[in-house]
Amino acid sequence: MNILPRATLALSAALSLIGMSSAIAGDLIQPQFRIGNFSNPLRIDNWLLPMKSNTYAVLYEREDGECMVNDVIVTDHAKRDFIGSYAGLAAREVRDIVYLDEDCSGARGVVLEYTLDWYAQDNGGNVWYLGEDTIEYEYDDAGHRIGSSREGSWEAGRDGKAGIVMFARPEVGKRYRQEYSPGVAEDEAVIVAVGIRVDTALGHFRECIKTRESTPLEPGLYEYKYHCPNLGLVRVVAPFADGGAELMKTGVR
């Protein structure tokens, strides 16, 4: 998960399910993973972040005047080799590829980033994020690849802890950790609005939510994300990067 520049529970039973201590609005919720709460982790049918195998989404991104095309593909593969507290868990593998779009026409040029993300859903319908294997590519002015970096890669149980990326029942004011690998991945989010309407190129959607995401690794930067029922992420607004992203297409492979 990236913050540009370079995508709550009803209290009582739900908080008990994921092992949180109760918190007043604004306190950072640090999810406590319990493998016994994952009876069918590959079934990710959260209404605001569904991940059905072989579905895909295409987002157009922009950042400081540069355009990109982002293909997100929910594969039928599962990661099953977690260790530590996560041993025995199966997580859905999602392929995320970012291409340079030189003339901002929606064309796919060179690959800028290739990532495998891992997600699982608990018995309460909350979607967890368990890490990523990512590689970013560097090119010279002629478009030749001259380097790459795996900075940002991490895995729950090895060098980090899982976080929650979508609650089954979001509630305004909930602030929560989405991932935690010290010095590598420390994204946090707060739910700032629920039940809102979002107008996009794909149509008009209601009962959407808006979150504000940030990381202490990039102080002062943040972005807003909009998720809508049965679609997932539809818009990203990144004020400090003069950019964001917009969902342009979805389908089944």
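Bear in mind that the values in this text are calculations on the coordinates, not laboratory data. Only a predicted model underlies this, so the values are computations on that prediction, with no experimental measurement involved. Backbone-built Cβ (ideal geometry, glycine too); neighbour counts: all protein chains shown.
Add +1 for every Lys or Arg and -1 for every Asp or Glu among the other residues with Cβ under 14 Å from the Cβ of Phe33, and state the total.
Surrounding charge for Phe33 is +1.
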What spacing in nm lies between the two simple spin-label points modelled at Ala201 and Arg253, each 7 Å away from Cα in the Cβ direction?
2.2 nm
Check the straight Cα-Cα distances from Lys210 and name the lysines below 25 Å, setting aside those fewer than 8 residues away within the same chain.
Lys52, Lys161, Lys174, Lys225, Lys249
From phi via Karplus (6.51, -1.76, 1.60), per-residue ³J(HN,Hα) for the stretch 40-52 in Hz, x at Gly/Pro:
9, x, 7, 8, 9, 10, 3, 5, 9, 8, x, 9, 8
Could you put His77, His204, His227 in order, starting from the residue whose Cβ has the fewest other Cβ atoms within 10 Å?
His204, His77, His227
With Cα extents along the principal axes in Å defined as stated, name the option among [x] 66, 52, 48; [y] 67, 38, 28; [z] 56, 40, 38 computed from the structure displayed.
[z]
Over the chain: helical MRE at 222 nm, DSSP H runs n ≥ 4 each giving -39500 (n - 2.57), nearest 500
-1000 deg cm²/dmol
